[in-house]
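Every number in this text was worked out from the coordinates using simple rules, so none of it is lab data. These numbers come from a predicted model, not from an experiment. Reconstructed Cβ throughout: ideal geometry from the backbone, glycine too, with neighbour counts over all protein chains shown.
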Amino acid sequence: MKTHQVVLEVETRGRSFANITERVDAVVRASGVRVGLCIVFCQHTSASLVIQENADPAVLRDLERWLSELAPEARAWEHDAEGPDDMPAHAKSAVTRASETLPVTNGRLALGTWQALYVWEHRARAHSRRLLVTVQGD
């Protein structure tokens, strides 16, 4: 069994989705693993990962609106050390995912036709996000 690990730095625009599918797939291809698993872990508490539709951008806009209604900045949050978007970003991260596990088949990510892997930035301003990508298999 092979194990290959890479750290990816992803620049976000603030409250947006950054499609990282191709970058993660490049790590898988470089690993030499033909069949196995790819685990992507976001090393932050105010951004998350999501596998979602890659065809209609309205899906991503609707998700952002829905999650902003769930954790609004207008709420009286106690933790606001870094501004009004601080605690809402942590709350959004708490109900989404810090990691995703994807199958590797024939040396590539085995995503469905309409699926992509995104970093979901929950903060209002741009950030640099660090992702740990681990590929294991044969």
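Worth a mention:
- Checked against (1) over 24 Å from LEU132 (Cβ atoms); (2) in contact with a Pro (Cβ under 8 Å, 6 or more places away or on another chain), PRO84 meets all criteria but (2).
- Matching entry among SER16, SER31, SER48, SER93 (being touching a Cys at 6+ places or on another chain (Cβ under 9 Å) and over 16 Å from LEU132 (Cα atoms)): SER93
- The lone criterion from (1) more than 18 Å from VAL10 (Cβ to Cβ); (2) not in a loop (DSSP other than H, G, I, E, B) left unmet by SER93 is number (1).
- Any hit, the range 109-127, residues being surrounded by 13 or more Cβ atoms within 10 Å (Cβ to Cβ) and free of Cβ contacts under 8 Å to residues at least 12 places away in the same chain: yes
- Residues of the range 81-89 include at least one that is in contact with a Ser or Thr (Cβ under 6 Å, 6 or more places away or on another chain), touching a residue at least 12 places away in the same chain (Cβ under 8 Å) and crowded, with 19+ Cβ neighbours inside 10 Å.
- Candidate set from the range 63-72 (those that are in a helix (DSSP H, G or I) and among the hydrophobic types (A, V, I, L, M, F, W, C)); member that is surrounded by the fewest Cβ atoms within 10 Å (Cβ to Cβ): TRP66
- Of LEU49, LEU60, LEU111, all but one fail to be among the hydrophobic types (A, V, I, L, M, F, W, C), assigned to a loop (DSSP other than H, G, I, E, B) and within 15 Å of the chain's Cα centre (by Cα); the exception is LEU111.
- Residue in the range 10-28 that is charged (D, E, K, R), touching a residue at least 60 places away in the same chain (Cβ under 8 Å), outside any helix (DSSP H, G or I) and surrounded by 18 or more Cβ atoms within 10 Å (Cβ to Cβ) present: yes
- Condition broken by ARG29, with the remaining ones in (1) under 27 Å from GLY107 (Cβ atoms); (2) within 14 Å of the chain's Cα centre (by Cα); (3) not aliphatic (A, V, I, L, M) satisfied: (2)
- Positions within the range 65-93 being aromatic (Phe, Trp, Tyr) and over 18 Å from the mean Cα position of the chain (by Cα), in sequence order: TRP77
- Against the conditions (1) hydrophobic (A, V, I, L, M, F, W, C); (2) in contact with a helix residue (DSSP H, G or I) (Cβ under 8 Å, 6 or more places away or on another chain); (3) not in a helix (DSSP H, G or I), ALA55 satisfies every one except (2).
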